[in-house]
Amino acid sequence: MKHLLIVIVMIFVWINGFIWLCKQIDPRNKYQTDVEYKYVRYCAGCHGNSGEGNGRIGRFKKLDPADLTDSNLWTMHDDTQLLESISDGKNDMPAFHYYLNPKEQRELLGYIKNTFRP
């Protein structure tokens, strides 16, 4: 009976340790906000962490993602056009309406504007 109790306690400790480890590994814990996490997850691979269009996926696939820090981008496109590009995709950019609802898309555009627009 004593050995069974020790085994049960060890399993309980192991499970708690595993749960704690999973929480530490969760990439969302690394970012200040949920929208920042979504930018890194969905956009930074091509547009880069600094928004300059130099993400590792874009370089690897030899794509030409938009430079989000370029003032011409912001003067040539209004919010409706940019939201349409996020939702439906454009050229090599995939459509994100599969992953982000309209509210999340607007939040993401707001984050991009506040962070990268000159």
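A short reminder: the numbers here are calculations on the coordinates, not readings from a lab. Keep in mind that what you see is a predicted model, and the values were worked out from it rather than measured. Neighbour counts run over all protein chains shown; Cβ positions are idealised from the backbone, glycine included.
The phi-based Karplus calculation (6.51 cos²θ - 1.76 cosθ + 1.60; θ = phi - 60°) puts the 3J(HN,Hα) values of the stretch 41-46 at 5, 9, 10, 5, x, 9 Hz, whole numbers, x for Gly and Pro. Rounded to the nearest 10 degrees, the angle from helix 2-25 to the longest Cα principal axis of the chain is 10 degrees. With respect to the chain, whose longest principal axis is taken over its alpha-carbon atoms, helix 79-88 is tilted by about 50°. Cα-based radius of gyration for the chain, normalised by 2.2 N^0.38 Å, reads 1.54. Count Lys and Arg as plus one, Asp and Glu as minus one, and take only other residues whose Cβ is under 13 Å from that of Ala44; the net charge is then +3. Seen from Gln105, the other residues with C-beta closer than 13 Å to its C-beta sum to a net charge of -1, counting Lys and Arg as +1 and Asp and Glu as -1. The local environment of Trp74, defined by Cβ-Cβ distances under 15 Å, has a net charge of -3 under the rule Lys, Arg +1 and Asp, Glu -1.
Only Lys, Arg, Asp and Glu carry charge here, each on its Cβ (+1 for the first two, -1 for the last two); on that basis the chain has a dipole of about 680 debye about its Cα centre. Note on the chain: dipole from Cβ charges, positive end direction compared against Pro94, Gly110, Ala44; the farthest Cα belongs to Ala44.
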